[in-house]
Structures are given as C-alpha cells and as structure tokens.
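Remarks on the structure that follows.
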Amino acid sequence: MRDAIVSASATEDGFAVTAAITTDLVRETQRRHGLSPTATATAGRLITGAALMGAGLKDTLRISLQVAGDGPLQRVAAEARLTGGGRVGARAYAKVPHADLPLNAAGKFDVAGAVGAGTLHVTKAYEEGQPYSGVVPLHSGEIAEDLAAYLLKSEQIPSVVALGVLAGPNGVVAAGGVIAQVLPDADERAVAALERRARELPPVTTLIADGADARALLEAFAGSAALRSVRTLDVGFACRCTREKVETALAGLGADELRKMARENPETEATCEFCKSVYLFSSAELAGLVTLLKKA
Ligand SMILES: [Zn+2]
C-alpha cells in the first residue's frame, strides 16, 4: 500500500488519531544506510514515530527524536517536518548501521536489546525562538512505549503509540504506525477507552501486510467513533543537507585541518550522515574556505 499519513479527531470520544504507512520510507532508509535487520526495525520505528508526530506540527518547524543507549546500536536519530504541499519529509540515521542481534524470545526484532538502557531525546524547533528539548529515560527501548512515556511525562498527553516494521529475507515488507492522543478536555473514560482500543488492535504490520491503507489503519483504531477533520498527507524521505551547510561544517574543522586536507588529497569527500549524499571539494575549494575563515 502507498505511503501516506491520515489524521482525524474523534471529538465525541475524546481522542485524536494519526495513522501512517511508511513501508517505502523505511525501505529507503534501510537502503541509504545499509542497515542490518535490527537497525532497520529500530530506525524504521523511530522514523515512523517522527513522521506521525511531525504530521501534527502546526507552528513547529521540525521534530527530532534520538535514542541513545548502551546497546550495540549506540545511537539512532530521526527527524520529520512538514515540507509544504501536504507532505511530511523524514530522515534518519544509525550510528552503528551494521549492529545486529538475533530475534528475541517472542520471535521479534530485539530492538530493546540493540538500543540498551539510555535516553530518548525529543527536540522541537520553531520558526522563531529557542527550540524545545526534552529528555526521558528509555521506558522499554522498544520505541513506541518510549514515545508514549515521553508524551505522558513531558507533554502531559495520555497517548497510545503503536509502531511496526515487518521484514523478511528480501527486506522490508510492511511498516507503519498509529498515535492516538486524548484530547485536552476529555475525561478519564476517554483514556480508558483509548487503552482498550490499543489492546484490541492487531499489530499494525499485520493490518498493513493484509492490505490496509493509512485510512483503513486509522479506522481500525477508531472503531465506530465519528471522525472529523480528516486530513491526508504524503510522506517520504527528505534531507535538509545542502552544499552550503556542508561547507559550514567543514569550516568548523579550522584552517589548519582544512589546509592539511587540501595538501593530502586532490579531492575531499564529505558525506551527509542522514542521507549519505556525497559532496566533493577540490583542494582549491578547501583553500577558498580557509580564506573565508580568515576574513570572518
Ligand atoms: Zn543529507
């Protein structure tokens, strides 16, 4: 099924829900970074969570999620933003893309083991003013529960988060997720009903593999609730890197290091850690950066 994000409010039932199909997005993330199966599941859940949260952004420019732990993956980060034209652009990377673990006792990717004990860091950048940043200890390391714990603890929003990546020997078969949140003026019953729905929902990857599109995924969660303000967005891999940003990063190495690089290689490669795009700089261009540094 085509990648998409659908959101809606069930005002009478006191919750809002967003559902995403991210199969192609996770496939592309896997391909760009050469991720192991466990890294694919981890980065796939995280980028899906970022895309779901990014779809609800209003005056927020972008949302970044980072899990850092003492497991073999060390650090995985994902970011999403509304790119205009009804589209959410998302990107992700894993510090140790080849780190892999055997399936866990339940026969699922051992995401918790690969992440280990650590923290979830959430950053929201705004058009104006300081970014908001929150850090919580990882709850389970399975990503979805960690995001739900963050939303409850840091944003005081009772939420249900389901994220899934299904992969076989030939790669990603299905990926997607659902985030449902209790509306601000809803009562205790809305929270209880939300938790009951979450328990009753089959794994999202089962629904997607069975052919559900984003709207069907949302309706599976919403049940008989009346849906209002239904909105559909496109979602896809998008990176914010530019040659200018890479030049700024290179300039940060300092004049001595730039001169050394220019001397040792006729051409220097700089790779974006998020999308693996390669930017080439000739010795003359590096020397040009040194001149700019001197002027600054
Ligand atoms: Zn990039």
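For the range 218-223, backbone phi angles converted through the Karplus equation (6.51, -1.76, 1.60; θ = phi - 60°) give residue-by-residue couplings of 4, 5, 4, 6, 6, x Hz, Gly and Pro being listed as x. Compared with the direct C-alpha span, the chain from Lys108 to Ala270 gains 54.7 nm at full extension, assuming 0.36 nm per residue. Sorted fewest first by neighbouring Cβ atoms within 10 angstrom, Val278, Val246, Val182, Val204 come out as Val278, Val246, Val182, Val204. Proximity of backbone amide H atoms, modeled 1.01 Å from N, is registered between Ile157 and Leu152 at under 5 Å, excluding neighbours fewer than 5 places apart on the same chain. P(r) tail for the chain, what percent of Cα pairs lie past 23 Å? When all Cα pairs of the chain are counted, 57 percent exceed 23 Å.
Available extension along the chain between Lys58 and Glu145 is 28.9 nm, counting 0.36 nm per residue and deducting the alpha carbon span. Each of the peptides 258-266, 172-180, 140-148 was scored by the mean count of other Cβ atoms within 10 Å over its residues; in descending order, highest first, they stand as 172-180, 140-148, 258-266. Using C-alpha pairs below 8 Å separated by at least 6 residues, the relative contact order for the range 4-237 is 30 percent.
Going 7 Å from the Cα of Leu292 in the Cα-to-Cβ direction, what parts of the range 221-248 have a backbone nitrogen less than 15 Å from that spot? The answer is 242-248, whose backbone nitrogens lie closer than 15 Å to the label point.
Packing, taken as the mean count of other beta carbons within 10 Å per residue, orders the peptides 209-216, 131-138 from highest to lowest as 209-216, 131-138.
Once both labels are positioned 7 Å from their Cα atoms along Cα-to-Cβ, the gap between Thr248 and Arg189 label points is 5.2 nm.
Rounded to the nearest 10 degrees, the angle from helix 255-264 to the longest Cα principal axis of the chain is 70 degrees.
Near Asp3, the amide H atoms lying under 5 Å from its own belong to Asp24; only residues 5 or more places off or on other chains count, and H is placed 1.01 Å from N. P(r) tail for the range 243-295: Cα pairs beyond 18 Å make up 23% of the total. Comparing Cα centroids, the range 204-222 and the range 104-156 end up 24 angstrom apart. The residues Arg196, Arg75, when put in order of fewest to most other Cβ atoms within 10 Å, stand as Arg196, Arg75. Across the range 8-18, rounded Karplus estimates of 3J(HN,Hα) from the backbone phi angles (6.51 cos²θ - 1.76 cosθ + 1.60, θ = phi - 60°) give 7, 10, 10, 4, 5, 8, x, 9, 10, 9, 10 Hz, Gly and Pro being marked x. Amide H contacts under 5 Å for Val96: Arg75, restricted to partners 5 or more places along the chain or on a different chain, H placed in the peptide plane at 1.01 Å from N.
Using the Karplus relation 6.51 cos²θ - 1.76 cosθ + 1.60 with θ = phi - 60°, the per-residue 3J(HN,Hα) values for the range 152-169 come to 6, 6, 8, 10, 6, 10, x, 9, 10, 10, 10, 9, x, 10, 10, 9, x, x Hz, with x marking Gly and Pro.
Readers should treat all values here as calculations from the given coordinates under stated rules, not as data from a laboratory. Keep in mind the model is a prediction, meaning the values are calculated, not measured. With ideal geometry, Cβ positions are generated from the backbone for all residues, glycine too; neighbour counts draw on all protein chains shown.
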